[in-house]
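The values are calculated or read from the model by the stated rules, or taken from the named source; none is laboratory data. No experiment lies behind these values; they were computed from the predicted model shown. Cβ sites come from the backbone with ideal geometry, for glycine too, and all protein chains shown count toward neighbours. Heavy atoms of the whole protein, side chains included, go into the accessibility calculation; ligands, DNA and RNA do not. Shrake-Rupley method; radii C 1.70, N 1.55, O 1.52, S 1.80 Å.
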Amino acid sequence: MITATLNEYLILSGVLFALGFLGVLLRRNTLVIFMSLELMLVASALALVAFSRYNHTLDGNVFVFFILTVAAAEVAVGLAIIVALFRQRRTIQVNELDSLKN
Amino acid sequence: MAHVLFNCFALLTIAGAVGVVANKNTVNAAMCFLLSLVGLAGLFVQLDAYLLAFVLLLVYAGAVVALFLFIIMLLDTQGRQKWDFSKLAVFTSLVAFGLLLAGLGTFVKRGQLEAPNPNAAGGVGAALKPYAYQLFTTYLLPVEVMGFLLLVAMLGVIVLSRKAGAGEDAP
């Protein structure tokens, strides 16, 4: 039994995505930026699950399953890159990582 | 009753997301991320996607947030950072955020999405059997590709986390 409408789920998903986007643009800590990226990813997953539920198909759910798998791999690689970056430059603040600028 | 639950979980998710963006301390941001994921798992349960809620908690809340906390512990030596954003950065990111929300508002106002009654046929994602059936018939190739992707990611992480130049002076 669902009482919330599809629109409510989509609005929630959109607001979540926008908040993640704000975090990516505003913050300077690489780890927080990465967390905001994950937030955007799960926001899109929420939209997929809602669509799937309201249209009585399983495809969206299976797709979210794959998204979660890819996200796990992505987090592992991304954090390894951040650690490698920290070893090289001793910082994870994006405003101090500007060696390509000059 | 169900609508109260939806509102609670939606509020939890949004509050967690705001906490991720607005928290100075990285550890607190990770904790807010965890909170947001718990709210999201609750929403998945409300959408009858029990398996996905479980996997979300297991993979994200269990593995990903733990990995984040581990890396924060490893790297973030200075603890809480000061807010020294340039005005331009704050302005542009707020404008981008506002534009996204405006797009959303337009969608709310003019959206013509007609969804069928969700309570007519019951949740498809509630049972496990259809998942297994789909994963081993229609989506067999993607499952194989995912396995390969995880293998490649594991190898990539091993290569990346070696000390730079460690393997070069070997005979």
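Here are some notes:
- Selected residue (only one of B:43, B:51, B:58, B:69 is within 7 Å of chain A (Cβ to nearest Cβ) and part of a helix (DSSP H, G or I)): B:43
- Number of the exception - residue A:48 against (1) open to solvent by 40 Å² or more (accessible area, probe 1.4 Å); (2) closer than 19 Å to residue A:5 by Cβ; (3) facing another protein chain (nearest Cβ under 7 Å); (4) not acidic (Asp, Glu): (3)
- Of the residues examined, residue A:26 is not one that is in contact with a Ser or Thr (Cβ under 8 Å, 6 or more places away or on another chain) and in contact (Cβ under 8 Å) with a residue 24 or more places away in the chain.
- Residue list for the range A:71-102, filter: under 16 Å from residue B:59 (Cα atoms) and at the interface with chain B (Cβ under 7 Å from one of its Cβ atoms): A:72, A:73, A:75, A:76, A:77, A:79
- Residue in the range B:27-34 that is within 7 Å of another protein chain (Cβ to nearest Cβ), buried (at least 22 other Cβ atoms within 10 Å of the Cβ) and over 16 Å from residue A:41 (Cα atoms) present: yes
- All conditions in (1) of a type in the set (Phe, Trp, Tyr); (2) open to solvent by 10 Å² or more (accessible area, probe 1.4 Å); (3) facing chain B (nearest Cβ under 7 Å) hold for residue A:54, with the sole exception of (2).
- Output for the range B:136-166, where each listed residue is at pLDDT below 90 and either closer than 18 Å to residue B:49 by Cα or not in a helix (DSSP H, G or I) (or both): B:162, B:163, B:164, B:165, B:166
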